[in-house]
1. Quick one: putting +1 on the C-beta of Lys and Arg, -1 on the C-beta of Asp and Glu, what dipole do you get for region 94-155 around its Cα centre, in Debye to the nearest 20?
2. Would you please report the Å³ per residue occupied by the convex hull of the alpha carbon atoms in the chain?
3. Roughly how many nanometres apart are two label points built 7 Å out from the Cα toward the Cβ at ARG13 and ARG187?
4. Debye calculation, C-alpha points only, no solvent: report log10 I(q)/I(0) for region 94-155 at q = 0.15, 0.27 Å⁻¹, in the same order as the q values.
5. Hey, what did region 94-155 get for relative contact order, percent, Cα under 8 Å, at least 6 apart?
6. Give the aspartates and glutamates reachable from LYS237 as a straight Cα distance under 13 Å; neighbours fewer than 8 places away on the same chain don't count.
7. Can you give me the long-range amide H partners of SER220? Hydrogens built in the peptide plane at 1.01 Å from N, cutoff under 5 Å, separation of 5 or more residues or another chain.
8. Per 0.36 nm of contour for each residue apart, how much would the distance between MET128 and ARG232 grow if the chain were fully extended, relative to their Cα-Cα spacing?
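A short reminder: the numbers here are calculations on the coordinates, not readings from a lab. All figures in this text were calculated on a predicted structure; none of them were measured in a lab. Here the Cβ is made from the backbone with ideal geometry for all residues, glycine too, and neighbour counts use every protein chain on show.
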Amino acid sequence: MAENSNSESLTVRDLSFSFGKKLKVLTNLSFSLNQEEVLALVGPSGCGKTTIARLIGGFLSPASGEIRINGTSAEKEELKGTVALFSQAPTLLPWRTMEGNIRLPLEFEKVDRSGASIDEAVETVGLMGFEKSYPDQLSGGMKQRAVFARLIVAEHKLVLLDEPFSSLDDFSRQEMGQLFIEIQRSRKFAAVIVTHSIEEAVFLANKVVVLSARPGQVVSEHRISFEGPRTRELLKKQEFFNEVQKIRSLLP
């Protein structure tokens with residue numbers, strides 16, 4: 001997909017941010033994300049990756065610069081409900097069943113939609129039979145699946161994921177990564193993923209943005225493309241290893 005203003009889901013331009021007067025976190029940061037694509041942010045610890053996600057999500061305000069989502073300033077009220085931020089631990093309300101947690105976006109946004117959409121989401125993530133279970137009855141991987149089901153129901157245009165699989169073991173991380181790819185391709189939303197894993201970034205993203213040490217700046221942008229489908233079999237191939245090494249060589 002060509003990178004131009006008409007196809008950009010997200011535009012970050014000359015973004016700077018500081019905590020207080022002394023701690024400068026980001027400086028003159030610029031990058032863009034095309035519609036229906038996935039961008040991964042990688043870089044040293046403390047370089048501002050999570051801060052970027054929170055700025056895009058509207059949880060923080062930049063000191064200077066601009067963030068536009070589908071051409072609209074990220075600070076506009078009209079974007080409310082169209083952008084979602086998923087943090088490191090699955091956020092499920094313990095007093096609600098899995099089905100009740102999945103239904104939350106519809107209640108918040110007062111959307112009148114049939115129960116069939118929730119049933120479809122549960123089936124897509126492979127949690128049939130656990131609809132009435134509570135979060136403390138679910139494994140870590142099942143909780144992540146429930147969060148993905150909620151994502152399907154909400155129909156966001158832009159999804160921000162901050163180390164979404166960090167609490168999972170390697171096998172579950174790969175499994176959830178594969179599920180995320182399938183959901184993102186079918187639902188056609190754009191996504192920004194914050195990760196410390198180069199392998200995860202290469203597996204999930206169409207573009208990897210490499211950041212410098214704090215204050216974070218863009219060191220490099222690298223497009224990722226593979227001949228075949230992105231399944232877990234790809235992780236065993238030389239072309240995948242080559243891309244991982246390219247990104248690793250770009251890290252400061």
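1. Working: 8 positive and 10 negative charges, 42 e Å.
Computed charge dipole of region 94-155: roughly 200 debye.
2. Numbers: hull volume 33.8 nm³, N = 252.
Taking the convex hull of the Cα positions in the chain, it is 134 Å³ per residue.
3. Here the answer is 2.9 nm between the modelled labels.
4. -0.37, -1.19
5. 53 percent
6. GLU199, GLU227
7. Counting only residues 5 or more places away or on other chains, the set is VAL210.
8. Values: separation 104, 0.36 × 104 = 37.44 nm, distance 2.33 nm.
35.1 nm is the gain from fully extending MET128 to ARG232.
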